[in-house]
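Since the structure comes first, as structure tokens, the remarks are kept for the end.
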Amino acid sequence: MDKKDFSNLEDQIMSTVNNAIKAIDFANLKKDINYKTEDTLNQLKIKIGEYSGKCIDLLNKKSKNDISKYISKKPAGTVSGTLCIVFGSIGSVVLGFSTATFLLVNSLFTGGIIGSNVVIGVLLIFSGASLGLLLNGINLKKRIKRFKLYVRFIENNRYFLIEDLARFAKQKEGFILKDLRKMIDLGMFLEGHIDEEKTYFMISDEVYNDYLNLKKEQIVQENNKKLSNENYSSKNEEIEATIKIGRNYIQQIKSIRSDLYKEKIAKKLEKLEKTSVQILNQIEKNPEKIGEVNKFINHYLPITIKLISSYKDMNSQSVQSENIKNAKGEIEKSIDVINLAFENLLNDLFEDVVLDVSTDISVLKTLFKQDGLAEEDFKK
């Protein structure tokens, strides 16, 4: 049944219903059903790209570069570390020897050398400074050694996990993180960056900018996914609410049918009830078709309830006047037309299913024929 035929049938329903309304002089019926709505729910088809959870992993798609241009040729401490060690060593040895010698000489004099305490204090201060200079030089050299170790670990990678470097260097992750930050501040890594999560080290501004862009993209995708989930949930709730309304109408039809079980119209209402249940069952299986039955749920069923409720009221009258009989007859005719319309609507809902079945059967027949299993092959 095509759309044009269905439209004509719809007009026929309304014409028959109008006759029933006139017969019972139910003037307020139109006013009661003005609440009808005709919604269209489109199938949700939002495809969201999946992310790994860490933007930085996507940077691995880019080719590796020579990182030498991002590494300082003369890292901080190369010269100063050597000078500190040299002068610190000399100072520590000379001043340490001088202090020891002065203490020995001072002990040989009975009264001690005048102002010896001041001299000893000065010598100890300079000795301590020299020792501190020596230790600082050693630390600078150790940092340069670690720097070279880090560079060897990096090779030509654009980025790396800080925890991987910690395992490689046999140090705690917190120490490595602090060490890398210091090296960045000192310009040992010319364009080094550490991500916000303190998880990755990136060797250049280009990689860091890629990371920031991917991070922004991920946030957008996550927001879109969240929004789509909310919309999907909202659509589901709307569909469930619509089906619930339909079920309620069907329950009313069933109740009225029970009251009219002795009447001729009871058979028609039973058919109407069964068809309506099948329609709703099909919508529950295929929610994307909800738009096709909105008029059924929000328009036809309410009108049907009004009509059969009027039929029930008129049937309960002790005196069945000519007008009442005519009105009941018009309502019975309208139920026939509505039943036909609902059956056609149910057929439309199964149209895709029938098409899929026909396609599957055609495929099977083709395969059987190719394999020599068709009926005509056995007749040869």
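The values are calculated or read from the model by the stated rules, or taken from the named source; none is laboratory data. Everything numeric here is computed off the predicted structure, so don't read it as measured data. In this analysis, Cβ positions are derived from the backbone assuming ideal geometry, glycine residues included, and neighbour counts consider all displayed protein chains. Surface accessibility is based on the protein's heavy atoms, side chains included, excluding ligands, DNA and RNA. Shrake-Rupley method; radii C 1.70, N 1.55, O 1.52, S 1.80 Å.
In this calculation the C-beta distance from residue 227 to residue 281 is compared with R0 = 22 Å, giving a FRET efficiency of 0.10. Roll a 1.4 angstrom probe over the protein heavy atoms and tell me the percent of accessible area of region 128-283 that is carbon or sulfur. Roughly 50 percent, rounded to a whole number. For the pairs 225/295; 244/306; 285/306; 262/306, flag any whose C-alpha to C-alpha distance is greater than 26 Å. As for pairs spanning more than 26 Å Cα to Cα, those are 225/295; 285/306. Reported value for region 71-182: 118 Å³ per residue, from the convex hull of its C-alpha atoms. Calculated on the alpha-carbon coordinates, the convex hull of region 183-227 measures out at 63 cubic angstrom per residue.
For residue 68 and residue 89, the difference between the fully extended length at 0.36 nm per residue and the C-alpha to C-alpha distance is 4.2 nm.
For the residue pairs 289/333; 74/182; 271/328, alpha carbon separations beyond 25 Å are given by 289/333. Placing one equal scatterer on every Cα of region 188-271 and applying the Debye formula, the log10 ratio I(q)/I(0) at q = 0.12, 0.17, 0.18, 0.24 Å⁻¹ is -0.64, -0.82, -0.85, -1.06. Compute the Kirkwood hydrodynamic radius of region 253-323, taking the inverse of the mean of 1/r over all pairs of distinct Cα atoms, and give it in Å to one decimal. Answer for region 253-323: a Kirkwood hydrodynamic radius of 13.6 Å.
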